[in-house]
Amino acid sequence: MLWGIVDRLSSRSFASMHDHSLRDQIVAEVHARPFQKLSGPLALCHQAILYDGVGEDAVNRSVRDLASRRGLPLPENGEGFFFSRNERWALRFEPHGEFYSLTLYALATTEPPAFSNEECGQLPGAYLCGVEVICQPQIEMDLEPLLEQHFGDHQVSGSSVMGSAGQVFTDFRERADSRMSRVLVLQQPKMIDYRCGRLLQRICEIDTYRHMALLGLPMSNDVMPQVTELDRALAETVAAIAEARREPAELVNQLMLQAAQVEELSARSANRLAASEAYFALLYSRIEELREERLEGIQTIEQFMDRRLDPARRTCRATGERVERLSKRIARSTELIRSQVDLSIEGQNKDLLEGLNRRARRQIRMQAKLESFTVIVVTYYAFDLIDRTLRNILGDTELERQLSLGLSLLVPLLALGLFWYLRRLLKGYDDE
């Protein structure tokens, strides 16, 4: 019985181990968007679509309905990422924070697939960008006719990628018919299927992240003139602070107005510019994963991005930094005004204390001048008090008259004693 009681107390004291509520989600995150096992010949079209106020539930329903119409098996999960394929088609759906991407694969053909007008009308959101990728085995033939076939007379960027397992070519131009750019992938026999799937996925991500990163550029171009204007206005305010041309209260109100405008700019642009910086980082990370090797006479994809996108990245970064610096400058200017006001208050307090000291000294000097009158009054009252006391005690006698005469003769001595006492009492007040 004793052991039963102990067991019950132990079971109440220590709870059994259980799974964390987020464990399954954390474990599954590593495998959330796997690369697919693919091999040429194949073609795909990849689209990035902004949610633009549309809920994720509506997007999930529309995409799964599209897969069903294409004859693709529906995934087991009711929402989120999925990849579905049959003998002819494959569809990859990836939801992200502010956009989702759809990749339609046409298997065993190099003819790029396309979403029909009905399917595009069914998909919610705002179309941002798309890319067509044609993946075919590399054959021994002259490269120039092949590039001209796909890209015309446009300048082509390309390289050998993934340890010479394949070659990638593109002109980064949107085609008039499909409103998508085109990428040609020539696959070497040594490129295994999973590597081909990784390469195709990285090409799609490079195109998507390139456009998502550039979403911050129009906002940066819109914000920069406003930052310049606020910068100039702040410089004028700081000059007014230094020259003390206006009242501190007026300057503080002006700085508060400028701070409100800067905060409005920051609230409107900070998230977009920060997102652009993150997308630029993802873009260059995906380019680095290609492990490009230069082909003679053709600039690499990385070189193209450095030349065309780096100025845009620097502009977005500079805009964010300028807004942040402007906010800090306004804070420093406010501290300057506060210091100026503190100094002004200290000066006023100093003048007030000096005025109080002057009035105190005048009062003490007045008291010193009235000391003589005080001595006379006190002497009179002391003489009268002593005289009345003698008269009440001795009556009208000869002794009383003699003592009164002596008291009258001692009046100067009594006055001198009182004067000495008062001087000793007020000693040091004049110095203070």
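The values are calculated or read from the model by the stated rules, or taken from the named source; none is laboratory data. Every value quoted in this text rests on a predicted model; they were computed, and no experiment measured them. Heads up, the Cβs are rebuilt from the backbone with ideal geometry, glycines too, and the neighbour counts pull from every protein chain shown. Only protein heavy atoms, including side chains, enter the accessible area calculation; ligands, DNA and RNA are left aside. Shrake-Rupley method; radii C 1.70, N 1.55, O 1.52, S 1.80 Å.
Observations on the structure shown:
- Tabulated pairs, the stretch 250-266, first more than 14 Å from Lys328 (Cβ to Cβ) and open to solvent by less than 90 Å² (accessible area, probe 1.4 Å), second outside any helix (DSSP H, G or I) and at pLDDT below 85, C-beta under 9 angstrom, 6+ apart or interchain: Gln254/Arg246
- Failed item, numbered, when Ile134 is tested on (1) in contact (Cβ under 8 Å) with a residue 60 or more places away in the chain; (2) closer than 18 Å to Met305 by Cα; (3) touching a Gly at 6+ places or on another chain (Cβ under 9 Å): (2)
- Every pair of residues 6+ apart whose Cβ atoms lie under 8 Å, when the first sits in the stretch 197-210 and is at positive phi while the second is among the aromatic types (Phe, Trp, Tyr): none
- For first residues located in the stretch 304-330 and within 30 Å of Gln155 (Cβ to Cβ), partners that are open to solvent by 70 Å² or more (accessible area, probe 1.4 Å) and polar (S, T, N, Q) and lie 6+ apart or on another chain with Cβ distances below 9 Å form the pairs Phe304/Gln155; Thr315/Asn221; Thr319/Asn221.
- Picking from residues in the stretch 289-322 that are open to solvent by 40 Å² or more (accessible area, probe 1.4 Å) and either touching a helix residue (DSSP H, G or I) at 6+ places or on another chain (Cβ under 8 Å) or of a type in the set (A, V, I, L, M, F, W, C) (or both), the one that is nearest to Leu143 (Cα to Cα) is Glu292.
- With respect to (1) touching a helix residue (DSSP H, G or I) at 6+ places or on another chain (Cβ under 8 Å); (2) open to solvent by 70 Å² or more (accessible area, probe 1.4 Å), the lone exception for His154 is condition (1).
- The number of residues in the stretch 64-113 that are open to solvent by 60 Å² or more (accessible area, probe 1.4 Å) and within 17 Å of Leu200 (Cα to Cα) comes to 3.
- Test result for Glu119, open to solvent by less than 50 Å² (accessible area, probe 1.4 Å) and in contact with a Lys or Arg (Cβ under 7 Å, 6 or more places away or on another chain): no
- Residues located in the stretch 215-236, provided they are among the hydroxyl-bearing types (Ser, Thr, Tyr) and buried (at least 20 other Cβ atoms within 10 Å of the Cβ): Ser220
- Within the stretch 379-407, tally of residues that are open to solvent by less than 60 Å² (accessible area, probe 1.4 Å) and touching a residue at least 12 places away in the same chain (Cβ under 8 Å): 7
- The set of residues in the stretch 119-161 that are modelled with pLDDT under 90 and under 19 Å from Arg286 (Cβ atoms) is empty.
- Selected residue (criterion: farthest from the chain's Cα centre (by Cα)) from residues of the stretch 124-137 that are closer than 23 Å to Ala275 by Cβ and open to solvent by 20 Å² or more (accessible area, probe 1.4 Å): Pro124
- Entirely in the stretch 46-161, the strands (runs of 3 or more DSSP E) that have 2 or more residues that are of a type in the set (Val, Ile, Thr) and closer than 30 Å to Ile298 by Cα: 126-137
- Residues located in the stretch 206-248, provided they are among the polar types (S, T, N, Q) and over 21 Å from the mean Cα position of the chain (by Cα): Thr208, Thr237
- Across the stretch 182-214, the number of residues qualifying as farther than 18 Å from Glu289 by Cβ and open to solvent by less than 10 Å² (accessible area, probe 1.4 Å) comes to 2.
- Any hit, the stretch 310-324, residues being within 25 Å of Glu247 (Cα to Cα) and hydroxyl-bearing (Ser, Thr, Tyr): no
- Filtered residues of the stretch 346-366 (kept if open to solvent by less than 100 Å² (accessible area, probe 1.4 Å) and modelled with pLDDT under 75): Ile364
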